[in-house]
Amino acid sequence: MPTEMHRRIHELLRGMPGDGLTAAKQLFWTELNYDRANVALSDRDWTDRARDALVEAPAILARHESPYGAFDVIYARLSPEQQGRDFPLSLTAERLVINQLLNNHPYALFVFSDPDERHWHLVNVRLDRRGARLADGYVLPRRRPGSQGPAAGGSDL
């Protein structure tokens with residue numbers, strides 16, 4: 001049976017298309033008790049393609065520190081040109097951004113929205129037993145240094 005907290009979380013998730021970033025902040029800061037961060041991240045060393053995928057540089061919205069390291073909630077607004085074929089947000093653009101952020105933020109939840117904050121996608125990336133990156137059940141491409149193709153066990157989506 002859902003608790004009152006489950007109900008509030010569900011309402012905030014459903015409200016994000018109308019309430020935008022305000023609902024996301026309330027979700028992570030109030031309901032889930034993450035520490036407030038609001039730290040802008042630099043995109044200075046990014047590829048042009050990844051930088052152009054966003055309206056502005058991403059930001060750490062919230063963070064949880066533990067003896068094992070930090071878990072960040074990173075928010076990024078995709079540029080208006082970044083629309084998917086069957087989804088309002090481009091998964092390809094999201095993948096470009098995630099690949100730029102993973103080296104410095106290996107444990108993170110990536111929160112994407114369109115410029116108007118009406119469409120949202122929360123992406124949890126983790127490593128599987130082979131070391132491949134998984135996102136929403138799909139393997140993100142992992143490249144060998146100096147290679148143009150995916151590493152063993154990876155695939156191009």
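Of all residues in the range 13-44, how many are within 14 Å of R63 (Cα to Cα) and not hydrophobic (A, V, I, L, M, F, W, C)? Of the residues in that region, 9 qualify.
Pairs are defined by a Cβ separation below 9 Å, a sequence spacing of at least 6 or placement on different chains, a first member in the range 26-53 that is touching a residue at least 12 places away in the same chain (Cβ under 8 Å), and a second member that is outside any loop (DSSP other than H, G, I, E, B) and of a type in the set (S, T, Y); the pairs so defined are A53/T92.
One residue is enough: does the range 92-102 have a residue meeting the conditions at pLDDT 90 or above, among the charged types (D, E, K, R) and surrounded by fewer than 17 Cβ atoms within 10 Å (Cβ to Cβ)? No. If we keep just the residues of the range 31-47 that are over 21 Å from N99 (Cα atoms) and of a type in the set (A, V, I, L, M, F, W, C), which is surrounded by the most Cβ atoms within 10 Å (Cβ to Cβ)? Filtering the range 31-47 for residues that are over 21 Å from N99 (Cα atoms) and of a type in the set (A, V, I, L, M, F, W, C), the one surrounded by the most Cβ atoms within 10 Å (Cβ to Cβ) comes out as A37. When A50 is tested against (1) touching a Phe, Trp or Tyr at 6+ places or on another chain (Cβ under 9 Å); (2) surrounded by 16 or more Cβ atoms within 10 Å (Cβ to Cβ); (3) not basic (K, R), exactly one condition is not met: (1). Taking the numbered list (1) under 26 Å from D19 (Cα atoms); (2) of a type in the set (V, I, T); (3) modelled with pLDDT under 85 in turn, V55 passes all entries but (3).
Among the residues of the range 1-24, those identified as of a type in the set (K, R) and either loosely packed, with under 12 Cβ neighbours inside 10 Å or modelled with pLDDT of 95 or more (or both) are R7, R14.
Across the range 83-95, a minimum of one residue is classified as in contact with a Gly (Cβ under 6 Å, 6 or more places away or on another chain) and either of a type in the set (S, T, Y) or more than 22 Å from V125 (Cα to Cα) (or both).
Listed by first and then second residue, the pairs with beta-carbon distance under 6 Å, at least 6 apart or on different chains, first residue in the range 103-115 and at pLDDT 90 or above, second hydroxyl-bearing (S, T, Y), are V111/Y75.
The values are calculated or read from the model by the stated rules, or taken from the named source; none is laboratory data. No experiment lies behind these values; they were computed from the predicted model shown. So basically every Cβ, Gly included, is an ideal-geometry build from the backbone, and we count neighbours across all protein chains shown.
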